[in-house]
1. Tell me which residues, restricted to the stretch 132-156, are within 21 Å of the chain's Cα centre (by Cα), closer than 25 Å to HIS82 by Cα and exposed (fewer than 15 other Cβ atoms within 10 Å of the Cβ).
2. What is the number of the single condition among (1) modelled with pLDDT of 95 or more; (2) surrounded by 19 or more Cβ atoms within 10 Å (Cβ to Cβ) that GLU275 does not meet?
3. How about the stretch 27-52: which of its residues are surrounded by fewer than 11 Cβ atoms within 10 Å (Cβ to Cβ) and touching a residue at least 12 places away in the same chain (Cβ under 8 Å)?
4. Take the residues of the stretch 157-179 that are small (Gly, Ala, Ser) and surrounded by fewer than 17 Cβ atoms within 10 Å (Cβ to Cβ): which is farthest from GLY83 (Cα to Cα)?
5. Restricting attention to helices (runs of 4 or more DSSP H) lying wholly within the stretch 12-66, give those where 2 or more residues are closer than 20 Å to PRO115 by Cα.
6. If only one of ALA250, ALA240, ALA218 is at pLDDT below 90, under 27 Å from ALA298 (Cα atoms), among the aliphatic types (A, V, I, L, M) and surrounded by fewer than 21 Cβ atoms within 10 Å (Cβ to Cβ), which one is it?
7. All but one of (1) modelled with pLDDT under 95; (2) touching a strand residue (DSSP E or B) at 6+ places or on another chain (Cβ under 6 Å) hold for GLU152; which doesn't?
8. Is it the case that LEU293 is in contact with a helix residue (DSSP H, G or I) (Cβ under 9 Å, 6 or more places away or on another chain) and either among the polar types (S, T, N, Q) or within 23 Å of PRO181 (Cα to Cα) (or both)?
Amino acid sequence: MAGKDDTRGADEEIELKLVFAPGGREALLLDPLLAALVPRPMRLGNRYYDTAERDLERARAALRLRQGEGDAVIQTLKSAGHGEGGLSRRGEWQWRLSEMRLDLDVLEALAGQAPSLAALADRALLERLRPVFITDFERIAFDIEHRGALIELAIDHGTIEVGEQRRSIDELELELKRGTPAALWSLAEQLAERVALRPSNASKASRAAALAHPPSGAGALPDRAPALFEAAIDALDRAADAQAPHDELAFAISALRRLADTAAEHAERANRLAERLQRHGGVLDAAGGRDALALARALAA
């Protein structure tokens, strides 16, 4: 068993994920809001684990070992959560270890405390866990007091590696440390006034899973307005990693057009966003990002 220095109990991770348009990362690092803050640069190496049968993926859980946060190795388990428009909530458990090796005992013990993690009570399953992909990225983090909340702003830039496949990481995470989720939306809207970015639902783990096991297709368009917007965002996320993104982009545009037909109060923004995506081949400028963010917040309410 890997030596443990400390265990952190379950927290609810509340996070708003956004991705940059080209040049967005550089623009954000020059933003006056961040210029007055002290950055915390770090390089994070992460190894994610699952069974050959993809048991954790099917349970919508993610398990990793991370190096780069001080001298310790951090083992993190994230459970299935829920989210929309880039805003997600999920359970998170962390353990500080002394070596780069999974501690299966703490995972097995956790299964008895959290019903959603009952599969981890199977020691045979735990013994079959193996590395499935890695991420390696530079993170520049800032702590921001905003609207009565404490928010960690993290700018990530690096790669996801699944076998011989590589995809870039170029994203912004706003994690709520104290306060209410409304502060996340408010900060994102403030940043979007000057930086081209859009909401994203795809975690690093879900992107890696899609690379290893490509989805069969986007499927049929949903009927309800929130689901239509989620379908559009999911398609844009898939298009960003696709070798031939045309079909995913077309699906995203169709979902936005259907959203405009379905919800009159969102029609102007949805149509405008669809037009920008079509005109610029799926790349949003700052104005398009603001429309996407405004739709995400309105439909998540």
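1. Result: ASP143, LEU150.
2. Every listed condition holds for GLU275 apart from (2).
3. Matches in the stretch 27-52: VAL38, PRO41, ALA52.
4. Selected residue: GLY163.
5. So the answer is 55-58.
6. Answer to the selection: ALA218.
7. (1)
8. yes
The values are calculated or read from the model by the stated rules, or taken from the named source; none is laboratory data. The structure presented is a predicted model; accordingly, all values stated were derived computationally and were not measured. Here the Cβ is made from the backbone with ideal geometry for all residues, glycine too, and neighbour counts use every protein chain on show.
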